[in-house]
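Worksheet: one structure, shown below.
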Amino acid sequence: MAQIRIVELNKALKNVSGEHVGVSAEELNKAEYLLSINPEMIRIIGDYEFAVKSSISLSSYESSKGYVRQTRATILKYKRPEWYFLYKTLSKIIQTTINNVINPYERTILDLLYIKGMRYLAAQSYMEKGYRSDIYPISGSTFADRRRAAIKKIAHSFQMLGLLDLVQAEYRIGELSSMQFLELKTR
């Protein structure tokens, strides 16, 4: 069994959590792309883990050409474990980065949108009505401002970790061979 080890991730994220943010528009787009695919990666990870734990043959998902269809994602049969580890690692980094955001409004907004996968207007309505007792209700314009500020902070964290280099110009994840933060070790 392989084990994922991310070297000094929490330390790196905490070092950049309060710094002034200077990122380009392209880096903001890449960060927002990574954030937006996280709910889908969480669903794919859950489907894969359920299939493995319940001993369901993944061949029932497979077509005759060797592809697997899971929640709108096509995974090559022979690359399945590598993509699982990639998605699990990326999702863990994204969730850790969101949890390290200091401002509770920004953290809640990011959590609703990019971990729980709530739609923008539903999350905005959630924050306007003030369902949480520890956070005051905020308006739609404040919600948008806080979301933009939070994405800038997240983009800066991703930039410091070198995660934005994985996103290619067509907004897709790069090849596994170019990833340096993913380290697979056998027990």
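Every number in this text was worked out from the coordinates using simple rules, so none of it is lab data. Just so it is clear, the model here is predicted, and its values are computed rather than measured. Positions of Cβ are generated from backbone atoms using ideal geometry, with glycine treated the same way; all protein chains shown enter the neighbour counts.
Counting other Cβ atoms within 10 Å of each Cβ, which trypsin sites (Lys or Arg not before Pro) in the stretch 99-147 have at most 16 and sit in a DSSP loop?
Here the sparse-neighbourhood loop sites are K116, R119, R132.
Given R₀ = 25 Å, what would the calculated FRET efficiency be for D165 paired with N99, taking r from the Cβ atoms and rounding to 0.05?
Efficiency, rounded to the nearest 0.05: 0.65.
So what is the relative contact order of the stretch 100-150, in percent, for Cα pairs below 8 Å that sit 6 or more residues apart?
Relative contact order of the stretch 100-150: 40 percent.
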